[in-house]
Amino acid sequence: MDIFYGKVRNDDILSDIFNGVIQDNWPAHLEKMYRFWQTVLLGEHTYYGSPLAPHIKLPVQGTHFDRWKQLFMETGDENFTGEKAAEAKFRAEKMAEMFQLKIEYFKHIE
């Protein structure tokens, strides 16, 4: 997560959105991401909350999701192999697709 979000924080497409929302709270955000992925991938229920809720009003479009997925996959490939790595990439892909669809839906019902 540290390497991935380091890339996000410095990315031309994503940095303004993430840094604008998270600001100086990156340690707390990273801690939440550790717990989220620990819950999703390892079955250790340490994350509580709704992952979609903080994202629903972000000014994001398909290009943002495409870049997020690209960086996630790239970072995973650079650092991990095996079943859990493949599962993480699969889950990230599906989560990004779901977030994108729901965010787009909520933009149109307001």
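Just so you know, in the stretch 1-29 the residues that are among the charged types (D, E, K, R) and without any contact (Cβ under 8 Å) to a residue 24 or more places away in the chain include one that is farthest from Gln100 (Cα to Cα), and it is Asp24. Considering only residues that are without any contact (Cβ under 8 Å) to a residue 40 or more places away in the chain and touching a Gly at 6+ places or on another chain (Cβ under 8 Å), look in the stretch 74-91 and name the one that is farthest from His29 (Cα to Cα). Among those that are without any contact (Cβ under 8 Å) to a residue 40 or more places away in the chain and touching a Gly at 6+ places or on another chain (Cβ under 8 Å), it is Ala85. Can you pull out the residues in the stretch 43-73 that are outside any loop (DSSP other than H, G, I, E, B) and free of Cβ contacts under 8 Å to residues at least 40 places away in the same chain? Correct list: Ala53, Pro54, Gly62, Phe65, Asp66, Lys69, Gln70, Met73.
Among the residues examined, Gly43 does not qualify as at pLDDT 95 or above and small (Gly, Ala, Ser). Going by the structure shown, is Gln23 at pLDDT 95 or above and surrounded by 12 or more Cβ atoms within 10 Å (Cβ to Cβ)? Spelling it out, it is not the case that Gln23 is at pLDDT 95 or above and surrounded by 12 or more Cβ atoms within 10 Å (Cβ to Cβ). From the list Ile17, Ile3, the one residue that fits, being β-branched (Val, Ile, Thr), at pLDDT 95 or above and more than 29 Å from His108 (Cα to Cα), is Ile3.
Every residue, every condition in (1) out of contact with any Cys (no Cβ under 6 Å at 6 or more places or on another chain); (2) exposed (fewer than 15 other Cβ atoms within 10 Å of the Cβ); (3) closer than 16 Å to Ile13 by Cα; (4) of a type outside the set (Asp, Glu), yes or no:
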{"position": "Ile56", "(1), (2), (3), (4)": "yes, yes, no, yes"}
{"position": "Asp66", "(1), (2), (3), (4)": "yes, yes, yes, no"}
{"position": "Leu71", "(1), (2), (3), (4)": "yes, no, yes, yes"}
{"position": "Thr75", "(1), (2), (3), (4)": "yes, no, no, yes"}
{"position": "Thr81", "(1), (2), (3), (4)": "yes, yes, no, yes"}
{"position": "Glu97", "(1), (2), (3), (4)": "yes, yes, no, no"}
{"position": "Lys102", "(1), (2), (3), (4)": "yes, yes, no, yes"}
{"position": "Phe106", "(1), (2), (3), (4)": "yes, yes, no, yes"}
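Looking only at residues that are surrounded by 14 or more Cβ atoms within 10 Å (Cβ to Cβ) and without any contact (Cβ under 8 Å) to a residue 24 or more places away in the chain in the stretch 30-42, which one is nearest to Arg9 (Cα to Cα)? Going through the qualifying residues, I end up with Lys32. Among the hydroxyl-bearing types (Ser, Thr, Tyr), out of contact with any helix residue (DSSP H, G or I) (no Cβ under 6 Å at 6 or more places or on another chain) and assigned to a loop (DSSP other than H, G, I, E, B) - does that describe any residue in the stretch 23-40? No, every residue in the stretch 23-40 fails to be among the hydroxyl-bearing types (Ser, Thr, Tyr), out of contact with any helix residue (DSSP H, G or I) (no Cβ under 6 Å at 6 or more places or on another chain) and assigned to a loop (DSSP other than H, G, I, E, B).
The values are calculated or read from the model by the stated rules, or taken from the named source; none is laboratory data. Predicted, not measured: the structure shown is a model, and the values here were computed from it. Don't worry about glycine lacking a Cβ; one is built from the backbone with ideal geometry, like all the others, and counts go over all protein chains shown.
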